[in-house]
There are 2 protein chains.
Amino acid sequence: MVDAFFERYRPRLTETAIGLLMPNVKVLHHPKKYELIKANHNSGYAYLLVKGAARSYYLHNGMEINSWFAFENEMVGSLRNYNNLPSRETIELLEDSTLLSFNINGIKPLMAENIEISNFINQVIGEYCLYLEDKLYYTHLRSARERYTALLAQEPNVFRRVPLTYIASFLGISRETLSRLRAK
Amino acid sequence: MVDAFFERYRPRLTETAIGLLMPNVKVLHHPKKYELIKANHNSGYAYLLVKGAARSYYLHNGMEINSWFAFENEMVGSLRNYNNLPSRETIELLEDSTLLSFNINGIKPLMAENIEISNFINQVIGEYCLYLEDKLYYTHLRSARERYTALLAQEPNVFRRVPLTYIASFLGISRETLSRLRAK
DNA sequence: ATGCCCATTTGATTTATGTCACAAAATCAT
DNA sequence: ATGATTTTGTGACATAAATCAAATGGGCAT
């Protein structure tokens, strides 16, 4: 079920590593709007989105600001939770979804005894780190139009599966401006 | 010399780990304006800033955009270089500096054979990742004045040791606007 | 010290984008 | 289906911050 995800990671996890991980992994189904992780809490779990979509948002001046969207085969979770800090964001499903849950407290000790698991997790974090650098690079000092066209080019799925209201705050612009940019 | 830096990391590196690392570490002195890492290149090194200051910048529409500043006891380098990608940024010294250089190609293989080294490097990357999340969180949808006052509160050193011209592009505002914000 | 080159400030003007108000369209629940 | 609620689009206007243009100030090299 999750082969496509794990195959991105090299060297691939051996049976031994997978055997150690399995007791900490569960398959879950949740409906649209279900909150995987709540703001200001430490959930203790990270998730692999097998099927479906999710968003991460936080409140600022009473408004929901969306920080990312995720789809099939992407890892979703709170890096702050992973580091035993409360999440700043709420992670909510945008569609009915199938997920794998990973018990962070169960898996962390395995990193010391199994180098494959350690490498795997560190690769996930390393890729997220590169993603954050890209996001900063492609938004800093860029106009609303540039950010909009970049997102359209790089992640067209977002426009097919996420309401425009959510996309606007993700791009750091008002709903009205996004609407006008789309109207060309 | 670098104790203060290494002490932030737990568990502390043992003699064994340090012995493996040492052949890949050199002490260096370089003058102000020296370029540690050049844009579009893969330097193969990361650095610990023992004494001095550095900035990272990239060109955008012919203008230098500063992405970060670093001071004593901070690691400086290109995450993209670490991942065998060309750096987008040039890293330049802002003051005459003392550094430790780390040979990335020499150290990476050690991560497979020594878990301490692996943990150490992953902790450095993990902390950088949290820093990037914070930076996005504290700049997204915030006004020039909010970003300015946040930087003043969180990293006052920057205003003592970095020219305002550089700080402006780091904050994502024009030099004139920064000047006016300072004038209150 | 002197002069030159940047860095910084200040003023006038322009522009992109936000805000407010409402209309139209789409989605949802009964 | 029907109305109700939410999402998206449009217009008028306000405003933060950019841009352009000088003027002033500071630091560095001779």
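The values are calculated or read from the model by the stated rules, or taken from the named source; none is laboratory data. From a predicted model like this one, the values you see are computed outputs, not experimental measurements. Every residue, glycine as well, gets a Cβ built from its backbone with ideal geometry; the counts of neighbours run over all protein chains shown. These accessible areas exclude ligands, DNA and RNA; they are computed on the full protein's heavy atoms, side chains included. Shrake-Rupley method; radii C 1.70, N 1.55, O 1.52, S 1.80 Å.
HN-Hα J couplings of segment B:85-99 from phi, Karplus 6.51/-1.76/1.60, θ = phi - 60°, integer Hz, Gly and Pro as x?
Result, ordered by residue: 10, x, 5, 7, 10, 9, 10, 10, 6, 8, 9, 4, 9, 10, 9 Hz.
Could you give the distance between the Cα centres of segment B:87-120 and segment A:19-88, to the whole Å?
What the calculation gives is 32 Å, centre to centre.
Label points 7 Å out from Cα along the Cβ direction at A:ASN103 and A:ILE18: separation in nm?
It is 2.0 nm.
Could you work out what % of the accessible surface of the protein assembly as shown is carbon and sulfur, using a 1.4 angstrom probe and leaving DNA, RNA and ligands out of the count?
The computed percentage sits at 53.
Determine how large the accessible area of B:MET63 is when every protein chain is in place; take a 1.4 Å probe and give Å² rounded to the nearest 10.
Around 110 Å² of this residue is reachable by solvent.
Considering amide H positions built from the backbone, and no H for Pro or chain starts, which residues 5 or more places from B:ALA53, or on another chain, come under 5 Å of its amide H?
So B:ALA53 has HN proximity to B:LEU94, B:GLU95.
With +1 on each Lys and Arg Cβ and -1 on each Asp and Glu Cβ, and nothing else charged, work out how big the dipole of segment B:57-136 is about its Cα centre, in Debye to the nearest 20.
It comes to approximately 400 debye.
State to the nearest 20 debye the size of the charge dipole of chain B about its Cα centre, where the only charges are +1 on K and R beta carbons and -1 on D and E beta carbons.
Charge dipole of chain B: 700 debye, to the nearest 20.
Per residue, how much accessible area does segment A:1-119 have with a 1.4 Å probe, in Å²?
For segment A:1-119, the solvent-accessible area averages 50 Å² per residue.
At A:ASP134, with labels set 7 Å past Cα in the Cβ direction, how many nm apart are the copies from this one, shortest first?
Listed shortest first, these distances are 2.5 nm.
As a test of the formula, what do you get for the protein assembly as shown when each DSSP H run with n ≥ 4 contributes -39,500 (n - 2.57) and the sum is divided by the residue count, at 222 nm and rounded to the nearest 500 deg cm²/dmol?
Mean residue ellipticity at 222 nm (helix-derived): -13000 deg cm²/dmol.
Shape call for segment B:68-157 from the C-alpha gyration tensor, a ≥ b ≥ c root eigenvalues: rounded (a/c under 1.5), prolate (a/b greater than b/c) or oblate?
The shape class here is prolate.
Can you give the FRET efficiency for A:VAL25 and B:ASN83, using 1/(1 + (r/R0)^6), R0 = 35 Å, r = Cβ-Cβ distance, to the nearest 0.05?
For R0 = 35 Å, the calculated efficiency reads 0.80.
Heavy atoms only, probe 1.4 angstrom, no DNA, RNA or ligands counted: give me A:GLU133, A:GLU15 ranked by accessible area, highest first.
Final ranking, largest accessible area leading: A:GLU15, A:GLU133.
Run the dipole for segment A:1-107 about the Cα centre, Lys and Arg Cβ at +1, Asp and Glu Cβ at -1, nothing else charged, and hand back the magnitude in debye, nearest 20.
Magnitude of the dipole: close to 200 debye.
For label points placed 7 Å from Cα toward Cβ, what is the shortest-first list of nm distances from B:GLU113 to its copies?
Distances to the matching label points in the other copies: 2.6 nm.
On each of the three principal axes of the Cα atoms of segment A:3-113, give max minus min coordinate, whole Å, ordered largest first.
Reported extents, whole Å, longest axis first: 48, 27, 22.
Please calculate the 1.4 Å probe accessible area of B:LYS135, with all protein chains present, and give it to the nearest 10 Å².
Solvent-accessible area, nearest 10 Å²: 40 Å².
Using protein heavy atoms only (no ligands, DNA or RNA), what is the total accessible area buried between A and B, 1.4 Å probe, nearest 100 Å²?
3000
Which of the pairs A:LYS38/A:LYS135; B:LYS26/B:LYS51; A:LYS135/B:LYS135 have their Cα atoms more than 18 Å apart in this structure?
Those over the limit are A:LYS38/A:LYS135.
Suppose all protein chains stay in the model; what accessible area per residue would a 1.4 Å probe give for segment B:136-180, in Å²?
56
Over the Cα atoms of segment B:69-111, what radius of gyration and what Dmax do you get, in Å?
My reading of the Cα-based Rg and Dmax gives 11.8, 33 Å.
So what's the angle, to the nearest 10 degrees on a 0 to 90 scale, between helix A:144-154 and the longest Cα principal axis of chain A?
Computed tilt is about 40 degrees.
At R0 = 25 Å, how high is the FRET efficiency between A:GLU127 and A:HIS60 if r is their beta carbon distance? Nearest 0.05 is fine.
About 0.40, to the nearest 0.05.
From the label point of B:HIS41, set 7 Å from Cα along Cα→Cβ, how far away are the matching label points in the other copies, in nm, ordered shortest to longest?
The answer, with the shortest distance listed first, is 5.1 nm.
Ordering A:ASP96, B:ASP134 by how much accessible area each has at a 1.4 Å probe, largest first, what is the list?
So, going from the largest accessible area down, we get A:ASP96, B:ASP134.
Taking square-rooted eigenvalues a ≥ b ≥ c of the alpha carbon gyration tensor, is segment A:49-90 rounded, prolate or oblate, where a/c under 1.5 means rounded and, failing that, a/b exceeding b/c means prolate?
oblate
May I ask you to find the residues of segment B:92-131 that are shielded by at least 40 Å² of accessible area once the whole protein assembly is considered instead of their isolated chain (probe 1.4 Å)?
Correct list: B:ILE115, B:ASN122, B:CYS129, B:LEU130.
Using all alpha carbons of the protein assembly as shown, what is the percent of pairwise distances in each 20 Å bin, ordered from the shortest bin to the longest?
Histogram of Cα-Cα distances, whole percents per bin: 25, 57, 17, 0.
Among A:LEU136, A:LEU99, A:LEU171, which one moves the most in a GNM of chain A with springs linking Cα atoms closer than 10 Å?
A:LEU136
Among A:LYS108, A:LYS33, B:LYS51, what's the order by accessible area (1.4 angstrom probe), most exposed first?
In descending accessible area the options line up as A:LYS33, B:LYS51, A:LYS108.
Using r as the Cβ-Cβ distance of A:HIS41 and A:THR177, and R0 as 35 Å, what FRET efficiency do you calculate, to the nearest 0.05?
According to the calculation, E is roughly 0.60.
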